[in-house]
Each structure stands twice: as structure tokens, then as C-alpha cells.
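Asker: Dropping the structure in here first, questions after.
The values are calculated or read from the model by the stated rules, or taken from the named source; none is laboratory data. Since this is a predicted model, take the numbers as computed values, not measurements. Here the Cβ is made from the backbone with ideal geometry for all residues, glycine too, and neighbour counts use every protein chain on show.
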Amino acid sequence: MGCFFGEHPFSFLNDSTSHFLERVHRQEYGQLLATLIGWLGDMELAEEALQDAFLAAVEHWEREGVPHKPGAWLTTTARRKAIDRLRRSRSDAADPQELETLPPAQMAVTENFDDAGEIPDERLKLIFTCSHPALPLEQRIALTLHTLGGLTTAEVAAAFLVPVPTMAQRLVRAKRKIKDAGIPFYVPPAHLLAERLDSVLTVLYLIFTEGYAATAGDALIRHELCDDAIRLCRVLELLTRRTHTDVPDTQYAEVLGLLGLMLLHHSRRTARVGARGELILLGDQDRSSWDRRAIQEGLALVEKAFNMGHPGAYQLQAAISAVHARAPAAEATDWPQIAALYGELRRFEDTPIIRLNQAVAVSLAAGPARGLRLLEPLAGELSAYAPFHLARADMFRRTGQTEQAREAYRVALDLTQNKVEREFILGRITSLGERQ
């Protein structure tokens, strides 16, 4: 769950208080932390103060009940804890007297901005801070997932396929670099926006991806991460539209493409999980439950982006998702078109994962034997990537190679930490029957 509580941070509370505090932590951690960083100018101090506030909530909410406005309660408590820490340390990070006179935090994003107004979401400032070009790309992404998404160090390490101590060191170095280099906590001025935009798009994409298919835990989807990524991408679209003379059309089209991609994927959220929380594959989903409003908006964004004449990686991924959205039934999906779009995507990002997805599309367009041939060259690079082994297993299953399918599913199971996905894989292994 959170950045500092471990796997079951509130397990000793009564069930209702524990579940509520966990939900508040998931939904508001990024906004709370961003607000505190804006006040304090010190990421580590802000994290420590917020940790103190949540620990105080464990005690007070259990004894006195949940407050009417939990986010405001946590903000006020964290500010008081920060003042206490500053007084004890006599730090120059912020003046305790100034903190005492600050107005209450605005915990919600304003949806309707006037053209002259400031971008109001503190989380976007946090993303731009974490995405500063002085930080290596992997540190930017990891730090954003950790701070904005509230992922534990272990969860971020799992997403990057590295040991937990390695990730912990990476995060410490990133925070120290921000502090030592005096990297400002703000949305950069228009003339600096373009150089930071690609990195911001990358971290928003990965925040959404972690929410869409959680690396670990008991739930397949982390809705709060998906919702945050979509909300922040909307704010980013507004910002880049306002500063269009400073942001190239190629980048603005990619902002539109990413927002369209997120909406088209998230439109399927209610159909992806069954009544018992089980995973439902795309081909088996009830398409009548897809969010038609999100689909229409996503399709319109994709069309607008491509009409600008500057195709890019996010637009092409959105176009692939659009093919699925337009298909009235799974069997009507235009898999040859999807395979061709992956071929175009490889002109922009020729990564092993994109080649894996292309192989899956080819297997559905031209048969599993063809897909297996395309997977063979990827075995070395993707040996620790569960979806690669799942794809092999499915293609083996479809060609009647039961033993090979069973073994590939078992490898995928060993590499999977998410409970819902593990149960799905176990079901597939069971469906293949006993070994002969």
C-alpha cells in the first residue's frame, strides 16, 4: 500500500476504520504529499511529516472515529508535525512561523480553469519536479510512482524487476539530487515545457499502466492510479494547448494520443473483473458494459491527434485500442490491422515488449504457429517477463501442445505477484488437465 507502512499497514485496527484509512491513503497520498512539498520545499521532510500524520490517524481515528474531512485532517496534522520537526532540527527548509499562517490546503482539483489562471494541481508540479532532466530516466519514473502513486519501494522494485535494496538506493539518490540541485517545485514556464514534456508523458503512462494492471497485491486494477493519470493528463492537455506556440505539434499530438489511449483502455474497467474478482480476458468481456462516453471521447482525441499529421507512439497505441473499441464483438476484431499498427509502432519504439504484442496480434490474425516463430527471438530478453510466457502458453495451447503450454504457464506463475493474475494462471493450468 503506502510508502512506509508495509504490506498491511492498518491490519490491527477494526475492519471499518482500517479499510477506510487504507482507501484514504490510496486516494489522497499523492495530493497530500504534493501539497506538503509545495509548502516545505523539502521532499524528505514532507514524507516524514505525512508519515507522522498517518500514524497519528491510526491512533485518533480508532479512538475518536473518522473525521468528516479526512484529507483536511491529515493535512492539518502533517503541517503541525512538520512544524515540530523543523523546530527540533532548526532546519532552513521552511520557517515554522510561516507554516503556521498558511491557509487550508485545497484538496480537490479545480475542473474549470480560466485561461489566465495558474494550473492548480500540486500533483502536476510534483511530476515535473520528479521529471527534471537532471535525474536519470529510471529515477524519474521510480520516484514519481513512489511519491505520486504511493507505491511501496517493494512495489516499485517489482515493476522495474530489480531487488528492493537497489530500488531503495535509487529513490534516496533521486531525492538527494532534487534537494542538492535545488530543483524547483513548479510547472516550468512555457519556453522550458517542451524539454520536460516527453518525460512527463512517460511517467503518466507508467502510472496508468501500474493502475491498469497492478504489479502486486490482491486487486487487478488500482482505479485511483488510473483516475489520477487521466485527470493529470487532462490538465497537461490544457497546459500544452494554452502554450501551443512553445510546444511543437509533434508533442501536443502525443498528449492527445496518450489521453485517448488511457480513456479507451479504462473504458473497459468494469468488464475486466468478474463478480468474484476474477480476471476476464478481452475476448470474453461483456462489451455492453464498456463505458461508451469514454470510448467516444477517446476516439475523438485519436482522430484529432492523427489529423495533426505527426503520428507518434502514443497515438499508434491509441489507434490499436480504437480498433478493439470499434469491434462490436471479439470475433469481429480486425487483427490484421492491429498487427500492421504494431509494425508501424516499431518504427517509433522497437522494444521487445512491442514485438511481443505484435506477435500476439499476428497469432490471432494468421495462426498461433506464426506467432510462436515471432516469439522465439525474444526468449532471452523477456525470460523474466510473465506476459511473454503467458503468450507462449496460449499459443502452445491453441496448437494442441499441451505439455509445452503447461510448462509455460508454470513459468509465468512463478513470475507473477498479483493475486488475481495468479488465480487466472492456475485456472489455465487446471484446464489443461493432469500430466500424461
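Yes/no per residue for (1) modelled with pLDDT of 85 or more; (2) touching a Ser or Thr at 6+ places or on another chain (Cβ under 9 Å); (3) closer than 30 Å to Val187 by Cβ; (4) in a loop (DSSP other than H, G, I, E, B):
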site	(1), (2), (3), (4)
Glu7	no, yes, no, yes
Phe10	no, yes, no, yes
Arg26	no, no, yes, no
Tyr29	no, yes, yes, no
Glu47	yes, yes, yes, no
Ala56	yes, yes, no, no
Trp61	no, yes, no, no
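Asker: Moving to a separate point now. Given the criteria surrounded by fewer than 14 Cβ atoms within 10 Å (Cβ to Cβ), of a type in the set (Gly, Ala, Ser) and in a helix (DSSP H, G or I), does Ser199 qualify?
Answerer: In short, no.
Asker: Within segment 239-246, is even one residue closer than 18 Å to Leu126 by Cβ, without any contact (Cβ under 8 Å) to a residue 40 or more places away in the chain, assigned to a helix (DSSP H, G or I) and not acidic (Asp, Glu)?
Answerer: Looking for residues that are closer than 18 Å to Leu126 by Cβ, without any contact (Cβ under 8 Å) to a residue 40 or more places away in the chain, assigned to a helix (DSSP H, G or I) and not acidic (Asp, Glu), one finds none in segment 239-246, hence no.
Asker: Take segment 239-279 and flag every residue that is crowded, with 17+ Cβ neighbours inside 10 Å, within 30 Å of Val420 (Cβ to Cβ) and of a type in the set (A, V, I, L, M).
Answerer: Leu258, Leu259, Leu261, Met262, Leu263, Leu264, Ala271, Leu279
Asker: Out of Ala158, Ala174, which single residue is outside any loop (DSSP other than H, G, I, E, B), within 30 Å of Glu423 (Cβ to Cβ) and aliphatic (A, V, I, L, M)?
Answerer: Testing whether each residue is outside any loop (DSSP other than H, G, I, E, B), within 30 Å of Glu423 (Cβ to Cβ) and aliphatic (A, V, I, L, M) leaves just Ala158.
Asker: Could you tell me whether any residue of segment 366-389 is in contact with a Gly (Cβ under 6 Å, 6 or more places away or on another chain), under 26 Å from Gly274 (Cβ atoms), modelled with pLDDT of 95 or more and part of a helix (DSSP H, G or I)?
Answerer: Scanning segment 366-389 turns up no residue that is in contact with a Gly (Cβ under 6 Å, 6 or more places away or on another chain), under 26 Å from Gly274 (Cβ atoms), modelled with pLDDT of 95 or more and part of a helix (DSSP H, G or I).
Asker: Follow-up. Residues of segment 33-45 being at negative phi and outside any helix (DSSP H, G or I), which ones? So that I can check it myself, show each step before the final result.
Answerer: We begin by selecting, within segment 33-45, every residue at negative phi; these are 33-40, 42-45.
Result: Asp42, single match.
Asker: I've got another one for you. Could you list, ordered by first residue, the pairs with Cβ atoms under 8 Å in which the first is in segment 292-305 and within 12 Å of Arg234 (Cβ to Cβ) and the second is part of a helix (DSSP H, G or I), at least 6 apart or interchain?
Answerer: Glu297/Gly260; Glu297/Leu263; Leu301/Leu256; Leu301/Gly257; Leu301/Leu259; Leu301/Gly260; Leu301/Leu263; Leu301/Ala318
Asker: Does segment 29-36 include one or more residues that are among the small types (Gly, Ala, Ser) and more than 14 Å from His146 (Cα to Cα)?
Answerer: To start, the set of residues in segment 29-36 that are among the small types (Gly, Ala, Ser) comprises 30, 34.
Then drop every residue that is not more than 14 Å from His146 (Cα to Cα), which leaves none.
No, the conditions are met nowhere in segment 29-36.
Asker: Would you confirm whether any residue within segment 317-328 is modelled with pLDDT of 95 or more, more than 22 Å from Ile230 (Cα to Cα) and of a type in the set (Ser, Thr, Tyr)?
Answerer: no
Let's see how each residue does on (1) under 20 Å from Leu193 (Cβ atoms); (2) of a type in the set (Phe, Trp, Tyr):
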position	(1), (2)
Leu220	no, no
Arg241	yes, no
Glu278	no, no
Gln285	no, no
Phe306	no, yes
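Asker: If you don't mind, another one. Quick check, is Thr202 among the hydroxyl-bearing types (Ser, Thr, Tyr) and either closer than 23 Å to Leu415 by Cα or over 12 Å from the mean Cα position of the chain (by Cα) (or both)? Spell out how you get there, then give the answer.
Answerer: Values: among the hydroxyl-bearing types (Ser, Thr, Tyr): yes; either closer than 23 Å to Leu415 by Cα or over 12 Å from the mean Cα position of the chain (by Cα) (or both): no.
Taking the combined requirement at face value, the residue does not satisfy it.
Asker: Can you report the number of residues in segment 390-415 which are free of Cβ contacts under 8 Å to residues at least 24 places away in the same chain and either acidic (Asp, Glu) or not in a helix (DSSP H, G or I) (or both)?
Answerer: 4
Asker: Restricting segment 212-238 to residues that are without any contact (Cβ under 8 Å) to a residue 40 or more places away in the chain and crowded, with 22+ Cβ neighbours inside 10 Å, which is farthest from Ala384 (Cα to Cα)?
Answerer: Ranking the candidates gives Cys233 first.
Asker: Mind checking which residues of segment 418-434 are among the charged types (D, E, K, R) and farther than 16 Å from Gly400 by Cβ? Give the derivation first.
Answerer: Start the filter on segment 418-434 by keeping residues that are among the charged types (D, E, K, R), which leaves 419, 421-423, 428, 434.
Within segment 418-434, Lys419, Glu421, Arg422, Glu423, Glu434 qualify.
Asker: Continuing with the same structure: Out of segment 65-90, which residues are under 23 Å from Arg23 (Cβ atoms), within 29 Å of the chain's Cα centre (by Cα) and assigned to a helix (DSSP H, G or I)?
Answerer: Pro70, Gly71, Ala72, Trp73, Leu74, Thr75, Thr76, Thr77, Ala78, Arg79
Asker: Which of the numbered conditions does Glu349 fail, given that it passes all the others? Conditions: (1) over 23 Å from Leu432 (Cα atoms); (2) of a type outside the set (A, V, I, L, M, F, W, C); (3) modelled with pLDDT of 95 or more.
Answerer: Evaluating Glu349 over (1) over 23 Å from Leu432 (Cα atoms); (2) of a type outside the set (A, V, I, L, M, F, W, C); (3) modelled with pLDDT of 95 or more leaves (3) as the failure.
Asker: A further question follows. Looking at (1) within 18 Å of the chain's Cα centre (by Cα); (2) surrounded by fewer than 23 Cβ atoms within 10 Å (Cβ to Cβ), which is the only condition Ser131 fails?
Answerer: (2)
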